[in-house]
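The values are calculated or read from the model by the stated rules, or taken from the named source; none is laboratory data. Quick caveat, the model's predicted, so the values are computed rather than measured. As a convention, Cβ positions derive from the backbone with ideal geometry for all residues, glycine included, and neighbour counts pool all protein chains shown. Areas reflect the complete protein model, heavy atoms only, side chains present, ligands, DNA and RNA absent. Shrake-Rupley method; radii C 1.70, N 1.55, O 1.52, S 1.80 Å.
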Amino acid sequence: RTFDMAEPSTSALLAGSRHVEGVALITSAALLFGILAAVVKSVALPTLLKMQIRSLLEWLICLAAAAFCRETRRRGGDTGAAMRVYDNSGAEAPPSTFAKCGGGEGGEREAWAKLLFGPRELFGWLVLRAFLYWVFLCCWWLALEAMPLGDATTVVYIAPVFTALFARLFLAERMHASFALVVLIDAAGLLLLTRPSFLPCPPRICAAASDAAATASAPSAATATATAAAATEYAYGAGAALVAAVVAGLLPVCTNKSGGAPWTAVNHVSCVFSAFVFTPLALVGWVVADAGAAGQLADGVAALRSPLQWALLAAISAVSSAGLALQTLGYQRVRDVASASLMNILEIPFSYGLQALLFHEPLEPLGLGGVGLIACATVLNLTARVRHSRADAERAQRENLVCV
């Protein structure tokens, strides 16, 4: 009897230790994603050229992962438990999604086709998800070029608001009662952070404009011009970050619709279409539409002679893969995925720390208020999700007891 009483205690301790380990892994992933953004911002290449090289590198990683997965299944191993995929809000795809790396039925060729491109009936969804992810990445990287690291990260963190809207529209999921308050707080935070024209000029932009005009023959006119140019660039970056947030909000819904596709197919289709379709077409369109694009690309190719640039590009792929792996392993260990996803908020202050340390761009008081509002809105949104998910689980449990 004494042994029977000790057994649950030991099990509870193990479960608690596993949960703590999972939270630590999720936190580490959030910090790695902050480092990834800093690395992307440090690469001195045009955005589309960076995306082209990144796509090719990650395509090779996808092929290696598919080969490993195929060999593991051939030997009778099961890689399904470690291959679920979660978004940054902690939402997991349905149980069938990413659960297998591809079956061995139908011969080697069919197995490889399923590994790399998924079931035929889901291929359209995979292509749509690949396009949305490409748009998200392109806008996110453009935002990193045009605005400070922490500001860009904070704006993208309003994505859960759009996820809730799209889930309501396409999946008929209900919204929590505090959703309207979350939207209002996010909107107020964005106003303080991005500083529209009716608010005072941010000190950072005004100071940069004054420095640029100090050596000009007409300082006042040069200051006004430089201030307008800096404000326009920042507004461009904020717009790109906002588009990235909208698309990031749609990605989980698209992932839900592509249930049943192996995780290798999801990643491989994204890399293939990015490397061989979306980015090349965007490069052609850029060269045709912008007379200076060819010169910028030539300068970018010349910059690739530096080993440092290749090291940074390799780091982008490595850190991205490591962050996703840590995040996935972490969510598999925690007891409550939605509550554990709150740790992702740490990416915001960490990004501002990197912004000040690496790029010497301090956070201004009014912007700090905006960051605080957006962070609070994100926490409020996630805690409401936790509360409603627990209520739904308890309701389902009561209904099952009634049925029994």
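Okay, here's what the table says:
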quantity: Selection status of L401, modelled with pLDDT under 85, open to solvent by 40 Å² or more (accessible area, probe 1.4 Å) and not charged (D, E, K, R); calculated: yes
quantity: Any hit, segment 31-48, residues being at pLDDT 85 or above, under 24 Å from G249 (Cα atoms) and polar (S, T, N, Q); calculated: yes
quantity: Those residues of segment 352-398 which are of a type in the set (G, A, S), open to solvent by less than 50 Å² (accessible area, probe 1.4 Å) and modelled with pLDDT under 75, in sequence order; calculated: A391, A396
quantity: Qualifying positions in segment 37-51 - closer than 13 Å to L313 by Cβ and aliphatic (A, V, I, L, M); calculated: V39, V40, V43, A44, L45, L49, M51
quantity: All positions within segment 250-285 that are surrounded by fewer than 24 Cβ atoms within 10 Å (Cβ to Cβ) and of a type in the set (G, A, S); calculated: G259, G260, A275, A282, G285
quantity: Every residue from segment 172-183 that is more than 23 Å from the chain's Cα centre (by Cα) and closer than 18 Å to V246 by Cα; calculated: A180
quantity: Checking G292 against (1) touching a residue at least 40 places away in the same chain (Cβ under 8 Å); (2) more than 22 Å from A38 (Cα to Cα), the condition it does not meet; calculated: (1)
quantity: Residue within segment 101-123 that is of a type outside the set (D, E, K, R), under 22 Å from L312 (Cβ atoms), out of contact with any Ser or Thr (no Cβ under 7 Å at 6 or more places or on another chain) and at pLDDT 85 or above present; calculated: no
quantity: Qualifying residue in segment 83-95 (condition: open to solvent by 10 Å² or more (accessible area, probe 1.4 Å) and either modelled with pLDDT of 90 or more or touching a Cys at 6+ places or on another chain (Cβ under 9 Å) (or both)); calculated: yes
